[in-house]
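See structure below.
The values are calculated or read from the model by the stated rules, or taken from the named source; none is laboratory data. Quick caveat, the model's predicted, so the values are computed rather than measured. Note: ideal-geometry Cβ built from the backbone for every residue, glycine included; neighbour counts use all protein chains shown. These accessible areas exclude ligands, DNA and RNA; they are computed on the full protein's heavy atoms, side chains included. Shrake-Rupley method; radii C 1.70, N 1.55, O 1.52, S 1.80 Å.
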Amino acid sequence: MIEKKQLVKQEERAVIVGVITKDQSERQVQEFLDELVFLAETAGAQTVKRFTQKLAHPDRATFVGKGKLEEIHQFVAGRNIDLVIFDDELTGSQISNIEKVLKVKVIDRSDLILDIFARRARTAQARVQVELAQYQYILPRLRGMWSHLERQGGGIGSRGPGETEIETDRRIVKDKITLLRKRLAEIDKQSLTQRKERGEFIRVALVGYTNVGKSTTMNMLSKSEVFAENKLFATLDTTTRKVVFDQTPFLLSDTVGFIRKLPHHLVESFKSTLDEVRESDILLHVVDISHPQYEEQIEVVNRTLQELKAFDKPTIMIFNKMDLYEANTFDEWLAPEIKEDILRQLKTDWDTKTNGNTVFIAATEKRNIEELRKTIMDKVAQLYRERYPYKTEFFY
């Protein structure tokens, strides 16, 4: 099997690189790079500098132009840089060509995300999902990226007549992908059985962009201790808790966060984990309203939900981190009545867009939690009355 090493080590010094093309503006690219810095920090690296270049399209050989690559090389050579991270996916030959010039390790955004997922996978299901995504990422890049594969059980009969090393490598990876898919299918069957055994409960799932406060909201609503921290992808494994509001029980699940440019193989591998989203009755879409691009993050989540065929479910928009939003938006000298007018208009606008299905909270401060509980309870009770009318008398 392939010897997969940790790509990013603690306290490595990194440079990040992005390309501005006709499809994305300079502002968008800077936002992507801001997120890439956060990803690098989550993986343990310190970003020293960022480079951007305007191109009609990325260079087929080195992604950036030769002049820009030499500029990066000059910077890297004199400053103890360990790692260069590109914001877009690179081919195996591009990685190989860039490393020959820069003389340091080169990875792309997808590889970085996979590395973070590999560190944070705790359950057997998450570990298999990440490993599968890694091998699917590696397969088309074998020729450019890998010069050596560790093999198990080599010797006579391990290689066909006239088979080249790269063909053998490719066959090994394909066999590994097949094996991991079988193992994942077995785990999925067990998970499906567990979901079926939960009985006739309304299911509620927390969804949203990564690092918006889903796990903190989960802890607050369920009074449990789900791991939460201010880093991307703090939660990979779906956590489900039974919650009871006003004698009415329902199941509440926390799920992995979404992100822009999420590697396709990772979405495919994690679809089984996201079955909790597909099979839920109500979605709680948590939004970090203090983030400058929160509306774009909402669009990313909605697109992912559409891909999962879960976009048409009853949804409550939970705008979290109102404390940070107010701190970032309002100056100290602003009159209280003006602040109230701005907040009132914000809520009115989103109530109009969501047909009133919005709640504004600050989860860490437990602000406006009673309104959130009531909003969830109303939705849950309505669904119980529609689906399980014989339970209504017992619950109420």
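Worth a mention:
- For segment 261-284, a residue qualifies if it is touching a Ser or Thr at 6+ places or on another chain (Cβ under 6 Å) and modelled with pLDDT under 80, and the qualifying residues are PRO263, THR273, GLU276.
- Enumeration of residues in segment 42-66 that are assigned to a helix (DSSP H, G or I) and surrounded by fewer than 16 Cβ atoms within 10 Å (Cβ to Cβ): LYS66
- Residue identified as open to solvent by 60 Å² or more (accessible area, probe 1.4 Å) and either modelled with pLDDT of 60 or more or of a type outside the set (A, V, I, L, M, F, W, C) (or both) among ASP175, ASP169, ASP188: ASP175
- Near pairs, Cβ below 8 angstrom, 6+ apart or cross-chain, from segment 110-128 (without any contact (Cβ under 8 Å) to a residue 60 or more places away in the chain and aliphatic (A, V, I, L, M)) to any residue that is part of a helix (DSSP H, G or I) and surrounded by 22 or more Cβ atoms within 10 Å (Cβ to Cβ): none
One line per residue, one yes/no per condition, for (1) open to solvent by less than 10 Å² (accessible area, probe 1.4 Å); (2) within 14 Å of ARG109 (Cβ to Cβ); (3) in a loop (DSSP other than H, G, I, E, B):
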| site | (1), (2), (3) |
| --- | --- |
| GLY18 | yes, yes, no |
| GLN24 | no, yes, yes |
| ARG27 | no, no, no |
| GLN30 | no, no, no |
| LEU33 | yes, yes, no |
| LYS68 | no, no, no |
| GLU89 | no, yes, yes |
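- Exactly one residue out of GLU71, GLU31 is touching a strand residue (DSSP E or B) at 6+ places or on another chain (Cβ under 8 Å) and among the acidic types (Asp, Glu): that is GLU71.
- Here VAL76, VAL84, VAL101 are screened, and the one residue that is of a type in the set (Val, Ile, Thr) and not in a helix (DSSP H, G or I) is VAL84.
- Output for segment 333-363, where each listed residue is hydrophobic (A, V, I, L, M, F, W, C) and either open to solvent by 60 Å² or more (accessible area, probe 1.4 Å) or within 24 Å of ASN302 (Cα to Cα) (or both): TRP333, ILE338, ILE342, LEU346, TRP350, VAL359, PHE360, ILE361, ALA362, ALA363
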